[in-house]
Amino acid sequence: MKSVELRVAVRNGDVMRAQYLIVDMYHQNYGILFSNDIVDLNSGIEPYPQSYLLGTVGSEVVAACGLYTRDTYCERYGEVTKDDLQQQLASEGLEARYDVRRTVEVTKLVIRSDYNGRGLGRWLFQAAHSAAFVMRGDEKPPLILCCATRSIFAAMHEASGIRARPLRKFPDYPVHERYRSADNPMDSRLIIPTVDIPPAIWNKPLPCALTLEER
Amino acid sequence: MSISRIHGVFDGAAVEPPLSKFEVKFTPLDLIAHWKRCGMTADFLAYFIAYAFENPKAALNTLSTVINELLENAVKFSANKREPVVLSFDHFGDTIRIETCNTCSGAITQRFDSFLQRLGSEDIEDLFIAQIEQNAATNRSESGLGLITMVKDHNSNLAVSIRPLEVGDAHEVRVRVTLNANEVDQS
């Protein structure tokens, strides 16, 4: 039985391993390029997240997921404003508990193709919504933004019991043309951790491990 | 079965050894992961070459443009992003040769082959306009516009060799640009 170990990438080598798996999968599947400083969604060049989860089997990297801890994609490219967030908090009476300036965004979840179909994706997705990953030692939880197609929201968020509140339809950029469509558009959505994430997911410890069944 | 094809004048080994030469290997993933590295590499190598020219500032632009175009294409379209692409430079005195070598999948090679046939047979100005219109209509940037511009604006002699590999559907693609050294020095 193989076991996937999941940890927050802290060392430079782990960050690079996570980035390279993401780059490899995104370029292979969507033709997307990456850069820290010449980001251009019209030319297919995406920005990097600032933090990563890394899934390994022995020394092999099999899964990764990123987290924007500043300049979130939804705010930078999705026209989501602080007012949008404030309105959502007000509707729950949670203005005092959250700071709209503290936003993160879970992004770029990838599973190496030979590990697909073994439950790894949803397990990683749930770990990416844990306090251990998104809070990064802060006292207050951040607001979690997400940008995805509606089919992803159904398959991942809804299936995991995570409520993702629609904020805005994400504008059409050429960089997303291989995965969005008129029938499956992209949205920017908001997750308010303490009310939208089931405690079993929010309190998931990291590092953690998942035993995979043999095929 | 796929056969080898040549587009343009892809002459074999040079008669005389080059006066100056280098060869650099890149892992495509390193450049895809940090796309600015293509431009940085092109600028650095162009500066290295142009430094020996009478008019380095003039040469720099052409050399950097050509290297960047070849490198970006080789990296973007290479079949295995962990297998090195090779960029080589040879200065024969009167001519400069810049070349990339990488492997491409059968589908990519076929598209490139069709594009090269058009480049070799159609009027370059018409093709340039047609590709701009196609880009605007499809929002795609993979149209060969860079190669057209290189030939059109930098008076480059473009030649391509496509050779099927023995295993799988991958092909070895060598893209060679030959420039007149004097023209580069005065560009």
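Cross-link partners of B:Lys25 among aspartates and glutamates, defined as those whose alpha carbon lies under 18 angstrom from its own and excluding same-chain residues fewer than eight positions apart: B:Asp43, B:Glu69, B:Glu72, B:Glu83, B:Asp90, B:Glu99, B:Glu172. Start at zero, step by 5 Å, and the Cα-Cα distances of region A:98-215 spread as 2, 10, 20, 22, 19, 14, 9, 3, 0, 0 percent across the bins. For chain B, the square roots a ≥ b ≥ c of the C-alpha gyration tensor eigenvalues yield an a/c under 1.5, which makes the shape rounded. Listed from fewest to most Cβ neighbours within 10 Å, the set B:Lys76, A:Lys2 follows the order A:Lys2, B:Lys76. When only alpha carbons of region A:48-121 are considered, Rg and Dmax amount to 16.4, 47 Å. Kirkwood radius and radius of gyration were both taken over the C-alpha atoms of chain A, and their ratio Rg/Rh is 0.94.
Legend: ranking of residues A:Tyr48, B:Tyr47 from fewest to most surrounding C-beta atoms inside 10 Å; resulting order B:Tyr47, A:Tyr48. Set against the 2.2 N^0.38 Å expectation for a compact globular protein, region A:116-183 has a Cα radius of gyration ratio of 1.28.
Kirkwood radius for the protein assembly as shown, taken over all pairs of different Cα atoms as the inverse mean of 1/r, rounds to 23.7 Å. Placing a label point 7 Å from the Cα of A:Ala90 along the Cα-to-Cβ direction, none of the residues of region A:163-180 has a backbone N under 16 Å of that point.
Neighbour counts of other Cβ atoms within 10 Å put A:Phe153, B:Phe48 in the fewest-to-most order B:Phe48, A:Phe153. Taking a straight line from the alpha carbon of A:Lys108, these aspartates and glutamates sit under 13 Å away, with near neighbours fewer than eight places off in the same chain left out: A:Asp24, A:Glu46.
If I require 27 Å or longer along the helix axis, counting alpha carbons, and a Kyte-Doolittle average no lower than 1.0, what helices from chain B are left? Use full DSSP H segments.
none
Could you tell me which of the pairs A:Lys82/A:Lys140; A:Lys169/A:Lys204; A:Lys169/B:Lys76 are separated by over 21 angstrom between their Cα atoms in the structure shown? The pairs that break the limit, which is 21 Å between Cα atoms, are A:Lys169/A:Lys204; A:Lys169/B:Lys76.
Between region B:66-127 and region A:30-84, the C-alpha centres lie 30 angstrom from each other. Neighbouring Cβ atoms from other chains, within 10 Å of the Cβ of residues in B:26-35, number 6 on average.
Working note: 222 nm ellipticity from helices only, DSSP H runs with n ≥ 4, each -39,500 (n - 2.57), summed and divided by the residues of chain A, gives -7000 deg cm²/dmol to the nearest 500.
Since every read-out is calculated from the coordinates, none of them should be taken as a lab result. All values reported here derive from a predicted model rather than from experimental measurement. Cβ coordinates were reconstructed from backbone atoms using ideal geometry, including for glycine residues, and neighbour counts include every protein chain displayed.
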